[in-house]
Amino acid sequence: MKLVLTEEQEFLRDTAKDFAQERTPVTHFRALRDSKDKNLWDRDIWQEMINLGWSGILVPEEFGGSNFGVAGISVI
């Protein structure tokens, strides 16, 4: 079965790829791992992902999400 992405899904995929390469290199995760912060997550990075709308990917538009569904979240 061949998977063909829509233009929106391709844009979402490319945005996620660029974000990951620019904002979350392996060195960033290693620094989190080695830090004394037991949460092991970066609040600023999470806020950027929220600003990109990723936290609402699965949420219907009527509730403020983007309703991209499972296909949308899978490309991220």
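Quick rundown of the values:
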{"item": "Check on Thr15, modelled with pLDDT of 90 or more and more than 15 Å from the chain's Cα centre (by Cα)", "result": "no"}
{"item": "Segment 23-40, residues that are surrounded by 10 or more Cβ atoms within 10 Å (Cβ to Cβ) and part of a loop (DSSP other than H, G, I, E, B)", "result": "Thr24, Pro25, Ser35, Asp37"}
{"item": "Residues (polar (S, T, N, Q) and either closer than 16 Å to Gln47 by Cα or free of Cβ contacts under 8 Å to residues at least 60 places away in the same chain (or both)) located in segment 1-35", "result": "Thr6, Thr15, Gln21, Thr24, Thr27, Ser35"}
{"item": "Residues (part of a helix (DSSP H, G or I), surrounded by 11 or more Cβ atoms within 10 Å (Cβ to Cβ) and without any contact (Cβ under 8 Å) to a residue 40 or more places away in the chain) located in segment 51-76", "result": "Trp54, Ser55, Gly56, Gly69, Ile73, Ser74"}
{"item": "Qualifying positions in segment 1-22 - among the hydroxyl-bearing types (Ser, Thr, Tyr) and part of a helix (DSSP H, G or I)", "result": "Thr15"}
{"item": "Residues (in a helix (DSSP H, G or I) and aromatic (Phe, Trp, Tyr)) located in segment 41-50", "result": "Trp46"}
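The values are calculated or read from the model by the stated rules, or taken from the named source; none is laboratory data. Being a predicted model, the structure only gives us computed values, none of them experimental. We place every Cβ from the backbone using ideal geometry, glycine too, and count neighbours over all the protein chains shown.
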